[in-house]
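Everything below concerns the one structure shown next.
The values are calculated or read from the model by the stated rules, or taken from the named source; none is laboratory data. Given the structure is predicted, the values throughout are model-derived calculations rather than measurements. Because the Cβ atoms are built from the backbone with ideal geometry, glycine has one as well, and the counts that use them run over all protein chains shown. The accessibility values were calculated without ligands, DNA or RNA, using every heavy atom of the protein model including side chains. Shrake-Rupley method; radii C 1.70, N 1.55, O 1.52, S 1.80 Å.
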Amino acid sequence: MFDCVRYAQKANSNTHILRLLRSMGVVTDAVSLGEIERALRAGYVPGTSAHEIVFTADIIDKTTLARVLELGIPVNCGSPDMVRQVGRAGRGHPVWLRINPGFGHGHNRKTNTGGPSSKHGIWHEEFEDSLGLVDEYGLSLIGLHMHIGSGVDYDHLHRVCESMLDAVRRANRPLQAISAGGGLSVPYRSGEPEIDIAAYHAAWNTTRLEAERITGSRMRLELEPGRYLVGNAGLLVAEIRAVKKVADKHFVLVDAGFNDLARPIIYGSHHEICFVTQAGSPVTGPTFPIAVAGPLCEAGDVFTQHDGGFVEFRDLPLPEVGDIAILRDTGAYGASMSSNYNTRPLAPEVMFDAGALTVIRKRQSVEQLLDLEADGMVLSAAR
Ligand code: LLP
């Protein structure tokens with residue numbers, strides 16, 4: 001299979017998950033200084049030839065630049081400016097070039113990371129200039145990277161592989177690795193098939209072998225999945241606090257909102273929902289058209305909605321106040337995209353592993369939030 005699986009920790013960056021993945025031989029990708037620090041906390045070792053941490057982002061700020069140079073963390077550059085900034089500050093530093101091949105695909109417009117309307121990656125026409133900058137600053141080019149979006153579409157796969165080979169030819173030098181990026185989809189609806197990982201690997205492996213032939217160098221094949229490793233492993237559990245009739249339909253209101261799970265409001269993403277009693281047995285009975293919504297002062301705080309904000313009423317059995325709503329497949333981009341909107345503290349995270357339940361992130365308290373605002377610090381006195 002893939003020589004290197006590099007977890008895109010933005011999907012779920014809890015340090016306990018990182019530690020678990022590291023114990024399975026998975027390395028990681030960080031997109032911010034915070035994610036670098038998380039990786040270190042989880043035991044990832046930077047600065048070795050194993051490149052356990054790579055920094056991939058659209059920009060690199062000065063503090064992060066200083067930290068990656070200090071730790072010897074390779075930078076996956078998304079613009080010629082980024083190559084220049086890394087080169088000026090750290091001659092010889094290891095880099096990747098992330099290329100936007102001119103097209104992309106995502107499960108939603110907002111998760112498409114390629115093409116002329118995307119801010120990500122080095123536009124393919126600027127690739128030669130970027131290689132020139134790599135040489136000018138004596139940077140060490142590890143490899144080439146393409147991530148065209150989240151939600152794999154096999155029709156695009158062939159084109160991406162072709163674009164990678166084109167880039168390898170244009171780079172015209174030995175490389176240590178190529179990366180297929182992430183974006184592998186997971187089933188969110190019952191009955192949806194899993195992706196055919198063997199077929200996906202086969203296409204990329206053929207590309208790697210051809211790239212090796214072109215450059216005459218042995219190459220590592222990296223994959224950078226986020227949701228594929230964690231998406232189906234998470235649930236959001238909320239208590240039902242109101243069940244109300246609105247016209248001829250029902251709204252079930254729960255004590256979790258888009259501050260806890262933002263995917264439905266941002267992308268119209270589908271998450272399967274079921275209701276259970278406090279004792280854990282499924283709520284049964286005749287079904288009704290039901291929308292499941294949260295507590296936030298926002299009309300869009302609805303978990304059952306289509307892209308564009310159209311509320312979806314699903315046929316579900318009617319629960320009672322005090323029952324539990326379970327939203328499935330929230331392991332990726334659930335907790336990691338949560339916020340403090342409406343001054344709602346971050347929810348606790350609990351890991352269920354080998355029969356044991358462990359709190360892996362405590363519930364945030366309102367006091368912790370307010371502490372950040374305590375004792376306003378005077379920066380310049382009023383005149
Ligand atoms: N590599 C790069 C460079 C990326 O930008 C991303 C995701 C990944 C890997 C991992 O993609 P994945 O395998 O998880 O699809 N919040 C959205 C997804 C945004 C993805 C951003 N970049 C969602 O909830 O669907």
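Tabulated data
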item: Check on Pro289, under 15 Å from Lys244 (Cβ atoms), open to solvent by 10 Å² or more (accessible area, probe 1.4 Å) and in contact with a Phe, Trp or Tyr (Cβ under 8 Å, 6 or more places away or on another chain); result: yes
item: Criterion: open to solvent by less than 40 Å² (accessible area, probe 1.4 Å) and within 16 Å of the ligand (Cβ to nearest atom) - qualifying residue of Gly87, Gly72, Gly92, Gly114; result: Gly114
item: Residue within region 342-360 that is of a type in the set (A, V, I, L, M, F, W, C), more than 29 Å from His16 (Cβ to Cβ) and either touching a strand residue (DSSP E or B) at 6+ places or on another chain (Cβ under 9 Å) or not in a loop (DSSP other than H, G, I, E, B) (or both) present; result: no
item: Filtered residue count, region 144-183, keeping only those that are more than 16 Å from the ligand (Cβ to nearest atom), crowded, with 20+ Cβ neighbours inside 10 Å and in a loop (DSSP other than H, G, I, E, B); result: 1
item: Residue check, Tyr200 among the hydroxyl-bearing types (Ser, Thr, Tyr) and free of Cβ contacts under 8 Å to residues at least 60 places away in the same chain; result: yes
item: Top-ranked residue in region 317-337 [being within 27 Å of the chain's Cα centre (by Cα) and open to solvent by 30 Å² or more (accessible area, probe 1.4 Å); ranked as nearest to the ligand (Cβ to nearest atom)]; result: Tyr333
item: Count - residues of region 127-143 that are part of a helix (DSSP H, G or I), open to solvent by less than 80 Å² (accessible area, probe 1.4 Å) and either within 16 Å of the ligand (Cβ to nearest atom) or farther than 25 Å from Arg218 by Cβ (or both); result: 2
item: Residue within region 31-38 that is open to solvent by less than 40 Å² (accessible area, probe 1.4 Å), closer than 29 Å to Ala198 by Cα, outside any loop (DSSP other than H, G, I, E, B) and within 16 Å of the ligand (Cβ to nearest atom) present; result: no
item: Residue match in region 262-282 (condition: in a strand (DSSP E or B) and more than 14 Å from Pro317 (Cα to Cα)); result: no
item: In region 340-380, residue nearest to the chain's Cα centre (by Cα) [restricted to those that are open to solvent by less than 80 Å² (accessible area, probe 1.4 Å) and more than 30 Å from Gly234 (Cα to Cα)]; result: Ala374
item: Selection count, region 197-241, where residues are within 16 Å of the ligand (Cβ to nearest atom) and part of a loop (DSSP other than H, G, I, E, B); result: 4
